[in-house]
1. For residue 146, work out the one condition from (1) within 18 Å of the chain's Cα centre (by Cα); (2) more than 18 Å from residue 291 (Cα to Cα) it doesn't fulfil.
2. In segment 91-115, which residues are more than 20 Å from residue 247 (Cα to Cα), modelled with pLDDT of 90 or more and touching a helix residue (DSSP H, G or I) at 6+ places or on another chain (Cβ under 7 Å)?
3. Condition first: touching a helix residue (DSSP H, G or I) at 6+ places or on another chain (Cβ under 6 Å), buried (at least 21 other Cβ atoms within 10 Å of the Cβ) and assigned to a helix (DSSP H, G or I). Now tell me which residues in segment 122-133 satisfy that.
4. When the residues of segment 257-290 are filtered to those that are free of Cβ contacts under 8 Å to residues at least 60 places away in the same chain and farther than 19 Å from residue 157 by Cβ, which remaining residue is surrounded by the fewest Cβ atoms within 10 Å (Cβ to Cβ)?
5. Name the residues in segment 167-184 that are crowded, with 17+ Cβ neighbours inside 10 Å and part of a helix (DSSP H, G or I), would you?
6. Going through segment 74-91 one residue at a time, which ones are out of contact with any strand residue (DSSP E or B) (no Cβ under 6 Å at 6 or more places or on another chain) and assigned to a helix (DSSP H, G or I)?
7. So, of the residues in segment 103-120 that are touching a residue at least 40 places away in the same chain (Cβ under 8 Å) and surrounded by 22 or more Cβ atoms within 10 Å (Cβ to Cβ), which turns out to be farthest from residue 191 (Cα to Cα)?
8. Considering 197, 211, which residue is modelled with pLDDT of 95 or more, surrounded by fewer than 20 Cβ atoms within 10 Å (Cβ to Cβ) and in contact with a helix residue (DSSP H, G or I) (Cβ under 8 Å, 6 or more places away or on another chain)?
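The values are calculated or read from the model by the stated rules, or taken from the named source; none is laboratory data. Because the structure is predicted, anything quoted here is derived from the model rather than measured. Positions of Cβ are backbone-derived with ideal geometry, glycine not excepted, and every protein chain shown enters the neighbour counts.
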């Protein structure tokens, strides 16, 4: 939403074990067309990656008690139950990590990049500016991204697999809309059984030697308002009658606008961004609340 100030972010600590498999997934490369006279390469998703279900500690009641949207209204419940499409943010929503922060930490630039992520999610700087700034701090190579994905499989949020299964059983279409990178989101989509055509995300571009070049600025999610654009496109093409956006950040909140999402559910099970949570139609801290509300 326009004009959002930096929100106070209250992290919810997540604990999990790291999984190092002796049977690492194989990766293949496929060439992309030349872009500005540079040979670009793009990674396919690995054939298999084992998810790690993270254990998330809920916020204390004293921290969350001042929000009046933790209990859904009758209208909100009806819309949730009648939705024919649900769009999920990925970082700090479907997964407990901010993917770019994890990749940066793996490459040795975690702290500086995390500071930029906080600014971007709070809505204080244009998303494309924050994305370019973060990538410029560590410029991940293709080999580094491959190594990261092999050694650090996705850590999915508790309950997300059950929620997606329940939505699909109700013939509700599920989408992933993220400012993160397809290379890191494809394995998550595979875990959840979400088709590739239902992913809207950014793309890292590499040169012929695997060196980092830039991100693909043609992706709608590469700029401010991009998630709203993606949701509007989905709505226009598919003609959904009721569409819900679920996420934790300012860019997710932006998707609730005419022609886009009918409702924004703020998931604060990983990060509570107060300025975003206060404007949500419904504030939840566990996916269990959403699962139970479908009954």
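1. Going through (1) within 18 Å of the chain's Cα centre (by Cα); (2) more than 18 Å from residue 291 (Cα to Cα) one by one, residue 146 breaks only (1).
2. 103, 104, 106, 107
3. Scanning segment 122-133 gives 127, 130.
4. The extreme case among them is 258.
5. 167, 182, 183, 184
6. 74, 75, 77, 78, 80, 81, 82 - these are the residues of segment 74-91 that are out of contact with any strand residue (DSSP E or B) (no Cβ under 6 Å at 6 or more places or on another chain) and assigned to a helix (DSSP H, G or I).
7. 120
8. 211
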